[in-house]
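All remarks here apply to the structure that follows.
The values are calculated or read from the model by the stated rules, or taken from the named source; none is laboratory data. Here the structure is a predicted model, which means the values were calculated and not measured. Positions of Cβ are generated from backbone atoms using ideal geometry, with glycine treated the same way; all protein chains shown enter the neighbour counts. These accessible areas exclude ligands, DNA and RNA; they are computed on the full protein's heavy atoms, side chains included. Shrake-Rupley method; radii C 1.70, N 1.55, O 1.52, S 1.80 Å.
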Amino acid sequence: MAYQSTNPYDGQVLQTFAQIDAAQLEAKLQQASRCFENDWRLKSYAERATVLARAAAILRERSQEFAQLITLEMGKLIRQSLGEVALSAAILDYYADNAERFLAPEKLSTRGGEAMVESSPIGVLFGVEPWNYPYYQIARFAAPNLMAGNVVMVKHASSVPQCALAFERLMQEAGAPAGAYTNLFLSKDQVAQVIDDARIRAVALTGSEAAGAVVAARAGQNLKKTTMELGGSDAFIVLEDADLDKAVKHAVSGRMDNSGQACTASKRFIVVDALADRFLEKFQAALETFKPGDPMDKQTTLAPLSSAEALKNLLGQVEGAVAQGARVLVGGKRIDGQPGAFMQPTILTDISKSNPAYKEEFFGPVALFFRVADEDAAVALANDSPFGLGGSVFTQDIERGKRLARRIDTGMMFINSGAASSPELPFGGVKNSGYGRELSGAGIQEFVNKKLIRVS
Ligand code: NAP
């Protein structure tokens, strides 16, 4: 697992980084553990908040610099990279402002004496993070846990080492003591070793089901708590009373933002018969307007996928779906004449239940389209998935939308919009999409010791 920055737009290798060796890893574990025991856990909320708020301010002051690094390493459109930097800053501020309130001691009513539950930090946490939102994913893990008094060690994806280092430097510059936030360039074997280490108290992973299964199993053997934020194949349901133009607008951004490489991207478009043809016509027309180009250029509307490998996998999935009877309504091929790994915005229809595509996650700009008779059929199809991350429903009858949302087996449902992440909204899924929550008040409760103190 080489840590290598490659520009997805032109395939140019920018920089490579060595994995750390055993002695360096041991030194970093010692430093993190010392920092937790002798420094960070002893600080007040206000002291920790000063560091996080400063980090947020630096992100905002130098947003261009941070955003360019994202675009350079994973190919996101520069305007979306700037959006990610702003969201990461908002998450840091949100926990700086609210952590003390979220973790305030709770007095219990009990017979005789006094009882309370206090939230104390548990120690050194280990996060394994993906490349698709290189700062946001880390902010989601680091901000609540640092504010809770834990210290964090992060193994970032091997394709975004410059972003990984930039975030570590950011925390240092913001005044975090050495060991509060540590970046680790690790091999997969070293990941297992870190999970086994007694100084690591819990593990959080965001990534694929495959990685989640390996990391959760290892942590389980060590009786360590985990949170798993894994893949998704979110349903995007359009009912007959939907505002069609609004639904199409969100369908396009839901499938195309980040070139479709988001866990909560809208992936399965389930439209009732009455609107299906008109939806499809407008959706197709909108997808045909995307223009590939350099993601650093503000005029570009279609960014490359994160790597040549990602494109190969996606094309393989499309070919597999077609071989089993799916029809390509639009797209379906790589875009030639561009240096990077560009995929045509694609719509697949006629996907039978036996087609592998029916249950797979498509991590790129490929929409799976399903036509259904009515609301009940839409719910049944949406739930017929191994995943349960998010989903959307479009209807002008909000109460109907809420009733339908309650019937969908996912961690998040959005009425009349695609999925959107915000610091105050809990993020996470059920089924093979994982367990646990990040963000909001829920996200800070995952790795704290809810300690009972009883006075008789
Ligand atoms: P991935 O391969 O699982 O990588 C994620 C992280 O896990 C990386 O740091 C990777 O390291 C590490 N990793 C992979 N296999 C490992 C193993 N056997 N042992 C230890 N570490 C391992 O994920 P991806 O394909 O890059 O990212 C896309 C997936 O993540 C999609 O399924 C997407 O839906 C999901 N995702 C979920 C969320 C969420 O919040 N639910 C958010 C974003 C993405 P290397 O890079 O070094 O291989």
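If the requirement is being within 27 Å of the chain's Cα centre (by Cα), closer than 22 Å to F387 by Cβ, at pLDDT 95 or above and not in a loop (DSSP other than H, G, I, E, B), which of these qualifies: L305, L314? It is L314. In segment 342-362, the count of residues that are over 23 Å from V238 (Cα atoms), within 21 Å of the chain's Cα centre (by Cα) and free of Cβ contacts under 8 Å to residues at least 60 places away in the same chain is zero.
Residues of segment 236-255 that are open to solvent by 10 Å² or more (accessible area, probe 1.4 Å) and within 17 Å of the chain's Cα centre (by Cα): S253, G254. Residue under question is T6, and the condition is that it be open to solvent by 80 Å² or more (accessible area, probe 1.4 Å), at pLDDT 95 or above and within 16 Å of the ligand (Cβ to nearest atom); does it hold? Taking the combined requirement at face value, the residue does not satisfy it. Selection within segment 410-421: residues that are out of contact with any Lys or Arg (no Cβ under 9 Å at 6 or more places or on another chain) and within 14 Å of the ligand (Cβ to nearest atom). The member of this set that is farthest from G388 (Cα to Cα) is A420.
Quick check on segment 41-64. Is at least one of its residues open to solvent by 70 Å² or more (accessible area, probe 1.4 Å), assigned to a helix (DSSP H, G or I) and closer than 30 Å to A308 by Cβ? Checked against the condition, which is being open to solvent by 70 Å² or more (accessible area, probe 1.4 Å), assigned to a helix (DSSP H, G or I) and closer than 30 Å to A308 by Cβ, segment 41-64 yields at least one hit.
The test for being open to solvent by 50 Å² or more (accessible area, probe 1.4 Å), touching a Gly at 6+ places or on another chain (Cβ under 7 Å) and farther than 25 Å from V160 by Cβ does not hold for R101. May I ask you to verify whether V215 is buried (at least 18 other Cβ atoms within 10 Å of the Cβ), closer than 19 Å to I347 by Cβ and of a type in the set (V, I, T)? Judged against the criteria, V215 is not a match.
When residues in segment 65-92 are screened for being buried (at least 21 other Cβ atoms within 10 Å of the Cβ) and among the small types (G, A, S), 5 of them pass. Selection within segment 145-158: residues that are within 14 Å of the ligand (Cβ to nearest atom) and either open to solvent by 10 Å² or more (accessible area, probe 1.4 Å) or of a type in the set (A, V, I, L, M, F, W, C) (or both). The member of this set that is farthest from K225 (Cα to Cα) is S158.
Since P292 meets every condition but one in (1) more than 24 Å from D350 (Cα to Cα); (2) touching a residue at least 60 places away in the same chain (Cβ under 8 Å); (3) touching a Pro at 6+ places or on another chain (Cβ under 8 Å), which condition does it not meet? Only one criterion in (1) more than 24 Å from D350 (Cα to Cα); (2) touching a residue at least 60 places away in the same chain (Cβ under 8 Å); (3) touching a Pro at 6+ places or on another chain (Cβ under 8 Å) is unmet by P292, namely (2).
Per-residue answers, yes or no, for (1) crowded, with 24+ Cβ neighbours inside 10 Å; (2) more than 12 Å from the ligand (Cβ to nearest atom):
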{"residue": "K107", "(1), (2)": "no, yes"}
{"residue": "P121", "(1), (2)": "no, yes"}
{"residue": "E129", "(1), (2)": "yes, no"}
{"residue": "Y133", "(1), (2)": "yes, no"}
{"residue": "I138", "(1), (2)": "yes, no"}
{"residue": "A143", "(1), (2)": "yes, yes"}
{"residue": "V160", "(1), (2)": "yes, no"}
{"residue": "A166", "(1), (2)": "no, yes"}
{"residue": "Q172", "(1), (2)": "no, yes"}
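If I filter segment 319-340 for residues that are open to solvent by less than 10 Å² (accessible area, probe 1.4 Å), more than 16 Å from the ligand (Cβ to nearest atom) and farther than 30 Å from E375 by Cβ, do I get at least one hit? Yes: one or more hits.
Can you tell me how many residues within segment 437-452 are over 13 Å from the mean Cα position of the chain (by Cα) and within 16 Å of the ligand (Cβ to nearest atom)?
Pass one, segment 437-452, residues over 13 Å from the mean Cα position of the chain (by Cα): 440-452.
Narrowing further to those that are within 16 Å of the ligand (Cβ to nearest atom): 440, 442-443, 446.
Qualifying residue count, segment 437-452: 4.
Taken as a whole, the condition of being closer than 22 Å to E438 by Cβ and within 14 Å of the ligand (Cβ to nearest atom) applies to A216. Being open to solvent by 10 Å² or more (accessible area, probe 1.4 Å) and over 30 Å from A32 (Cα atoms) is a description that does not apply to D196. Under the condition of being open to solvent by less than 40 Å² (accessible area, probe 1.4 Å), in contact (Cβ under 8 Å) with a residue 40 or more places away in the chain and within 29 Å of S354 (Cα to Cα), the residues counted in segment 295-316 number 4.
Restricting attention to segment 419-444, the residues that are assigned to a helix (DSSP H, G or I) and not hydrophobic (A, V, I, L, M, F, W, C) add up to 3. Among the conditions (1) under 24 Å from the mean Cα position of the chain (by Cα); (2) crowded, with 18+ Cβ neighbours inside 10 Å, V271 misses just one, which is (1).
Yes or no: segment 410-418 includes at least one residue that is polar (S, T, N, Q), in a strand (DSSP E or B) and closer than 23 Å to E288 by Cα. No. Contact map, segment 186-203: first residue part of a loop (DSSP other than H, G, I, E, B), second residue within 10 Å of the ligand (Cβ to nearest atom), Cβ cut-off under 6 Å, separation 6 or more or different chains; pairs are L186/K155; S187/M1; S187/Q19.
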